[in-house]
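One structure below.
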Amino acid sequence: MERAKRNAIVAIALVILAVAAARVEAQQESNVKTLVKYKHGKKYCDKGWECKGWSIYCCNLTITDYFQTYQFENLFSKRNSPVAHAVGFWDYRSFIAAAALFEPLGFGTTGNKTTQMMEVAAFLGHVGSKTSCGYGVATGGPLAWGLCYNHEMSPMQSYCDDYFKLTYPCTPGADYYGRGAIPIFWNYNYGAVGETLKVDLSNPPEYIEQNATLAFPGAIWRWMTPIKISPSAHDAFVGNWKPTKNDTLENRVPGFGTTMNILYGDEVCGQGDVDTMNNIVSHYLYYLDLLGLTRDQAGPHEHLTCAEQVSFNPSSKAASST
């Protein structure tokens with residue numbers, strides 16, 4: 001009982017944090033003073049609420065410098081339509097509040113402005129595809145319906161793995177099906193995300209589908225975190241990851257395609273130009289268009305897709321479930 005009460009308080013605190021961040025964002029950006037220091041010849045910055053803590057990445061543009069409310073609305077224009085399944089849940093403020101936790105680590109703050117915008121488009125391309133209820137003749141087109149869901153609608157199992165019963169035990173009666181912006185599956189992933197956010201997401205896991213300030217950071221955590229032998233999707237996309245000889249032999253190269261390999265494995269990759277992969281790619285390219293970037297910048301087919309890539313982590317529990 002005490003544990004549940006404690007975590008409810010933490011969840012409420014995250015909501016308050018999101019509201020506070022939104023209020024700061026509404027102020028003139030010139031009011032936020034950038035603090036600078038040098039250490040061992042490197043420049044470190046602190047930009048207050050959005051990029052807090054001394055980081056080399058905080059010396060670059062932050063996400064609100066190049067990604068505004070109207071752009072978020074353009075990308076997810078149908079998310080609050082009456083037929084959507086998460087009306088009123090997702091918003092720009094929650095995304096920015098979540099991103100602020102990871103901007104000091106390089107999320108949306110790595111490289112020049114173009115690289116930064118492309119990373120946000122890439123991340124949101126995954127989000128849009130995985131939460132879409134769009135279809136071929138949907139109003140506005142099938143790519144306008146991202147953030148239609150915040151949880152799996154018809155879960156096939158409870159996603160409780162007893163192998164992790166000592167580290168991330170399942171709460172009796174709880175189901176760890178897909179929830180969030182890039183859906184989180186399995187008790188061990190709920191546990192790992194909860195450790196990062198300092199919230200016990202195993203009890204109850206419903207916190208994620210009840211609070212966008214948890215649903216967005218859970219997805220960004222997945223984007224920023226290496227899994228098993230693979231790099232993080234972030235590192236693969238921005239160029240921090242350098243392929244080994246074995247990676248090259250198995251057609252894994254830096255770019256958007258490898259982010260799909262990392263996040264979904266052989267459920268999507270190594271099967272040629274299948275619809276599931278093409279849908280994710282289409283969302284990414286559509287978002288590049290809406291942000292005023294060119295599709296040429298996404299790179300050639302072998303960098304943009306994972307059609308011919310061998311999975312980093314061949315199926316045991318692939319995809320969102322790894």
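The values are calculated or read from the model by the stated rules, or taken from the named source; none is laboratory data. What you see is a predicted model; the values in this text were computed from it and never measured. Cβ sites come from the backbone with ideal geometry, for glycine too, and all protein chains shown count toward neighbours. Accessible surface is based on the protein model in full, side chains and every heavy atom, while ligands, DNA and RNA are left aside. Shrake-Rupley method; radii C 1.70, N 1.55, O 1.52, S 1.80 Å.
Here are some notes:
- Whole-Å distance, taken between Cα centres, linking the stretch 183-217 and the stretch 92-137: 19
- Between His301, His126, His85, the GNM of the chain built on Cα springs shorter than 10 angstrom shows His301 fluctuating the most.
- Under the criterion of Cα pairs below 8 Å and six or more residues apart, the relative contact order for the stretch 150-222 equals 32 percent.
- Farthest positive-ward along the chain dipole, Cα basis, beta-carbon charges - from Gly194, Cys58, Ala236: Cys58
- Inter-probe distance in nm under a simple model that places probes 7 Å from Cα toward Cβ, at Asp296 and Lys228: 3.9
- Of Val120, Val83, Val281, the one that fluctuates the most in a GNM where the chain has Cα springs shorter than 10 Å: Val83
- Amide H contacts under 5 Å for Ile184, placed H, 5+ residues apart: Arg179
- The charge dipole of the chain, taken about its Cα centre with unit charges on the Cβ atoms of Lys, Arg (+1), Asp and Glu (-1) only, comes to about 1060 debye.
- Sulfur and carbon atoms: percent of accessible area, the chain [1.4 Å]: 55
- Membrane-span-like helices in the chain, defined here as complete DSSP H runs extending at least 24 Å along the helix axis by their C-alpha atoms with mean Kyte-Doolittle hydropathy no lower than 0.0, are 2-26, 113-130; this is a sequence and geometry rule, not a statement about a membrane.
- Our summary gives the chain a relative contact order of 16 percent, counting only alpha carbon pairs under 8 angstrom and 6 or more residues apart.
- With 0.36 nm allotted per residue and the present C-alpha distance subtracted, the Thr248-Lys37 stretch has 72.0 nm of extension available.
- Between the listed residues Ile182, Ser132, Trp145, the Cα displaced farthest toward the positive end of the dipole of the chain, a dipole computed from Cβ unit charges relative to the Cα centre, is found at Ile182.
- Taking each DSSP H run with n ≥ 4 as -39500 (n - 2.57) and averaging over every residue of the chain yields -12000 deg cm²/dmol at 222 nm.
- All other residues whose Cβ lies under 13 angstrom from that of Ala86 are scored, Lys and Arg at +1 and Asp and Glu at -1, for a net of +1.
- Contact order relative to length of the stretch 228-322, as percent, for alpha carbon pairs under 8 angstrom and 6 or more apart: 39
- Charge dipole (debye, nearest 20) of the stretch 35-144; +1 at Cβ of Lys and Arg, -1 at Cβ of Asp and Glu: 300
- Distance between the pseudo-spin-label points of Trp49 and Ser158 (7 Å out from Cα toward the beta carbon): 4.1 nm.
- Counting only protein heavy atoms and a 1.4 Å probe, the chain has 46 square angstrom of accessible area per residue.
- Pair Ile56, Lys113: separation of 7 Å Cα→Cβ label points (nm): 2.3
- Max mean-square fluctuation residue, GNM over the chain, Cα-Cα springs under 10 Å, options Pro217, Pro104, Pro172: Pro172
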